[in-house]
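The values are calculated or read from the model by the stated rules, or taken from the named source; none is laboratory data. Given the structure is predicted, the values throughout are model-derived calculations rather than measurements. Protein only, heavy atoms only, side chains kept; ligands, DNA and RNA dropped before computing areas. Shrake-Rupley method; radii C 1.70, N 1.55, O 1.52, S 1.80 Å.
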Amino acid sequence: MESFRLKNIIILILALMNLFLLGSLYGRASARQEAQDRTRQQLVELFSADSARIALDGDIISFQTPPAGGTLSRDVAHDQKVATLLLGEGLLRSDQGGGIYSYENSSGAAVFRSGGNFDVTLHLTDAAGAQALFRDFCKEFQYEEISSAVDGSSFSASAVRTYDGHRVMNSTVTFQTSDGALHITGTYLPDTLVPDAREDALSGPSALTAFLNTRREMGAVISAVTGMYPCYELQSTAAAPMTLTPAWCIETDAGLYYVNCYTGAVTRE
């Protein structure tokens, strides 16, 4: 009997501890939600009080954590993989110096540069074939289609690179048929990202505040913010030709704006 009572007491203590933990978690979640609601209301009022009286729906304000930034490491083998998908096998590679490599076979030619820029020309006049190649390229190398159009024998399309589901501004590729060939230009980024250790990235609300301050300085005519999401900004320096910096994309009725998560600098697409 004593053993039975002791077991019940232990079960009761564990149940009470679980209730306490659940209550603590609920309290924290509730406090966090209340803080976010206050922030939403304050931002809506701040944008409304601006001289431009910008409409901001509190529901679009994001509290997501921005992605981690880092430096990309170029791998020539990746360049060749892209060239092979676009031109086919039997490529002749040539080192042009300065980080520039060219690839050529009977189907066409491609040039890849150290900063990620590349261009390809291949003998392909069939719109359906060009469209299929574009879709294969996007699927294989994590590009998200922005637009595409087929007009008779002509095909044109564009896509943007993504990392872990986040778009990379300044990293697009275009496919265009003309003069009996398919021309491909844009930026190819490798898969190897060495993350940085920074933890001071701007939050969504802070990015909106930085955007509003810059709008005032620029005098940009904007009447509504229609959305926002975290993304990357591709930057290039002599020491690091391919760096991904976290940013916030601010969608407005006057176009897209980007807020750098490290500097707060605002740029327009």
Using θ = phi - 60° and Karplus 6.51 cos²θ - 1.76 cosθ + 1.60, couplings along region 153-165 (whole Hz; Gly, Pro as x): 8, 9, 9, 9, 7, 9, 8, 10, 6, 10, 10, 6, x
Solvent-accessible area of VAL82 with every protein chain in place, 1.4 Å probe, in Å² to the nearest 10: 0
Which labelled figure in [x] 86, 64, 42; [y] 67, 40, 33; [z] 87, 40, 27 is Cα extents along the principal axes in Å, once derived from the coordinates: [x]
Per-residue HN-Hα couplings for region 67-73 [Karplus 6.51, -1.76, 1.60; θ = phi - 60°; Hz; x = Gly/Pro]: x, 6, x, x, 10, 8, 9
Alpha-carbon radius of gyration plus Dmax, which is the widest Cα pair, for region 123-216 in Å: 17.8, 51
Whole-Hz couplings from phi, Karplus 6.51/-1.76/1.60, listed for region 189-200; x for Gly and Pro: 10, x, 8, 7, 10, 9, x, 8, 9, 6, 10, 10
Axial C-alpha extent at least 20 Å, average Kyte-Doolittle at least -0.5 - helices from the chain (DSSP): 2-49, 127-141, 204-218
Carbon and sulfur %, accessible surface of the chain computed with the full protein complex present, 1.4 Å: 53
Solvent accessible area, Å² - ARG216, 1.4 Å probe, full protein context: 110
Sorted largest first, extent of region 111-269 alpha carbons per principal axis (Å): 49, 38, 24
Value of Rg to Rh for region 52-163 (Rh from inverse mean 1/r over Cα pairs, i.e. Kirkwood): 1.11
Exposure rank, largest accessible area first [ASP136, ASP50; 1.4 Å]: ASP136, ASP50
Per residue, in Å², the accessible surface of region 51-149 once ligands and nucleic acids are set aside, probe 1.4 Å: 51
Helix-only [θ]222 nm of the chain, DSSP H runs n ≥ 4, -39500 (n - 2.57) each, per residue, nearest 500: -11500 deg cm²/dmol
Region 52-131: relative contact order in percent, alpha carbon pairs under 8 Å with at least 6 residues between: 16
